[in-house]
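One structure below.
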Amino acid sequence: MLSVKEAESIILELVKPLDIRKDTEVVTLKDATGRILAQPVTSDLDFPYWDNSAMDGYAVKFADVESCSAESPAILEIVEEIPAGVQPKSAIASGQAARIFTGAMMPEGTDTIVIQENTKREGNCVLVLSPPSRSNAFVRQRGSFYQAGNPLLEPGIVINAPEIAVLATAQCTQLTVYRRPRVAILSTGDELVPPDRTLQPGKIVDSNQYALAAFVASQGGIPIRLGIVPDKPDLLKEKMTQAIATADIVLSTGGVSVGDYDYVEQLLAELGGEIRIRSVAIKPGKPLTVAAFANGCTYFGIPGNPVSALVSCWRFVQPALRKLSGLSDNWLPTFMKVRSRDRLISDGKRETYLWGQLQSVDGVCEFQLAGGAQNSANLINLARTNSLAVLPVGQTAIASGQEVDVMLVAGAFGR
């Protein structure tokens, strides 16, 4: 049985990023949110595009106002008013000024802004009562934030709201991004029925198909739902063959333990899969089968219990998806050390993950254990889970008020 770290290392060694030569597509800016940039972006525009005012006030020559005071104000003729978005009409000569507003283009001949609080307007003249601290005061100079032709955004990053703002500003309206990873999802077991089917005695509603599809979508992947497959080797083999041929990653739930109806590992071998992982010292989620195929597909056979399935995805599938998707870094889960509000217990035999919520209490981040049983079959108290407390092998308890390592789960604090 592998340790969690050993399993993580094998998975990341196994999964290869999408190929920049064939796994990209061009999208428009409005469709780029959440996509991963595949090529570097530059712009042929400076930013700011031109010298502009950072304040409401008057555009002046610094030499005209540098020695003024309230007792001896500089008196300048106002020859133009320049709102934002309007190109100045006149060059400003010595002894003149232009009324200007925030964001407006600086007129030719000026180098400084006098903010309106330091002036007094008299007819078509302005009295400057206090000199700016320096030349170029309150002027955003062309190219001071970005110069045309320089790298703007590097490949391998997720395009979210801040990046969209940068790209729109630079008029980058078409982008090359990685395609979305395709993830096939199938649930195995004669006992399973879909949520819209009448529940008969002895049957179980298949929540995994929906939960794992939501997980895949939260990671930017395309979930391919292949439905419920009964415990019949021929049918299961047919569905697994279809999944392996069409997806980058396959997630199947159930059938990976050692019961009489657990066929997944045997079928993976028959289909030519190289089985790299069979079980991991983690609770929940010990039975984990990971296999590699010659076409590049990675198969994850994960437990059928709903909590085990999600913990397996958060801990092992998420890094694989992130690496596959073209992200340049940040593949691994994010861990934080915080105070626990509850006593946390484990048998110490396996690395144990307890689900709950990170909360801010008086400005301090704390972990609160989900109420009810911490049982891998109890998915009811999973609602609002945003983190997992981690107890390492050998540690059986963490007292209330003590620090604990917690792992942020997919989608909890953004991708």
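Only one item in (i) 57, 41, 36; (ii) 86, 53, 45; (iii) 97, 52, 42 matches Cα extents along the principal axes in Å derived from the coordinates shown, and that item is (iii).
Taking the charge dipole of the stretch 78-192 about its Cα centre, with +1 at Lys and Arg Cβ atoms and -1 at Asp and Glu Cβ atoms, the residue from Ile157, Gly85, Ala98 reaching farthest to the positive side is Ala98. Solvent-accessible area assigned to carbon and sulfur over the stretch 291-415 amounts to 49 percent, based on a 1.4 Å probe.
Taking a ≥ b ≥ c as the square roots of the eigenvalues of the Cα gyration tensor, the stretch 112-154 is classed as prolate, since a/c reaches at least 1.5 and a/b is larger than b/c. Of the beta bridges in the chain, as assigned by DSSP with both residues counted there, near 65 percent are antiparallel. About its Cα centre, the dipole of the chain is roughly 960 debye, where the only charges are +1 on Lys and Arg Cβ and -1 on Asp and Glu Cβ. About the centre of its Cα atoms, the stretch 315-392 shows a dipole size close to 140 debye [charges on the beta carbon of Lys, Arg (+1) and Asp, Glu (-1) only; nearest 20 debye]. Seen from Pro287, the other residues with C-beta closer than 11 Å to its C-beta sum to a net charge of 0, counting Lys and Arg as +1 and Asp and Glu as -1. Taking the Kirkwood radius as Rh and the Cα radius of gyration as Rg, the stretch 330-415 has a ratio of Rg/Rh equal to 0.94. A simple rule links phi to the HN-Hα coupling: the Karplus curve 6.51 cos²θ - 1.76 cosθ + 1.60 with θ = phi - 60°, which for the stretch 83-93 gives x, 4, x, 10, 6, x, 9, 10, 7, 9, 8 Hz, with x for Gly and Pro. When the alpha carbon gyration tensor of the stretch 1-109 is reduced to an equivalent ellipsoid, the three semi-axes, largest first, read 57, 19, 11 Å. Phi angles of the stretch 58-64 translate, via the Karplus equation with coefficients 6.51, -1.76, 1.60 and θ = phi - 60°, into HN-Hα couplings of 9, 8, 9, 8, 4, 4, 6 Hz per residue; Gly and Pro are given as x. What are the lysines whose alpha-carbon lies under 22 Å from the alpha-carbon of Lys16, with same-chain residues fewer than 8 places away excluded? Here the lysines satisfying the reach criterion relative to Lys16 are Lys5, Lys323.
Taking amide H as placed 1.01 Å from N in the peptide plane, the amide H of Met55 sits under 5 Å from that of Gly103, each at least 5 places away or on another chain.
Surface analysis of the stretch 130-259 yields an accessible area of 49 Å² per residue, using protein heavy atoms and a 1.4 Å probe. The distance from the alpha carbon centre of the stretch 199-247 to that of the stretch 127-153 is 57 Å, rounded to a whole number. For the stretch 127-132, backbone phi angles converted through the Karplus equation (6.51, -1.76, 1.60; θ = phi - 60°) give residue-by-residue couplings of 9, 8, 8, 8, x, x Hz, Gly and Pro being listed as x. Ligands, DNA and RNA left out, the 1.4 Å accessible surface of the stretch 1-128 is 50% carbon and sulfur atoms.
The values are calculated or read from the model by the stated rules, or taken from the named source; none is laboratory data. Because the structure is a prediction, the values reported are computed rather than measured. Virtual Cβ from ideal backbone geometry, glycine too; neighbours counted across all protein chains shown. Side chains are part of the model used for accessible areas, which takes the heavy atoms of the whole protein and leaves out ligands, DNA and RNA. Shrake-Rupley method; radii C 1.70, N 1.55, O 1.52, S 1.80 Å.
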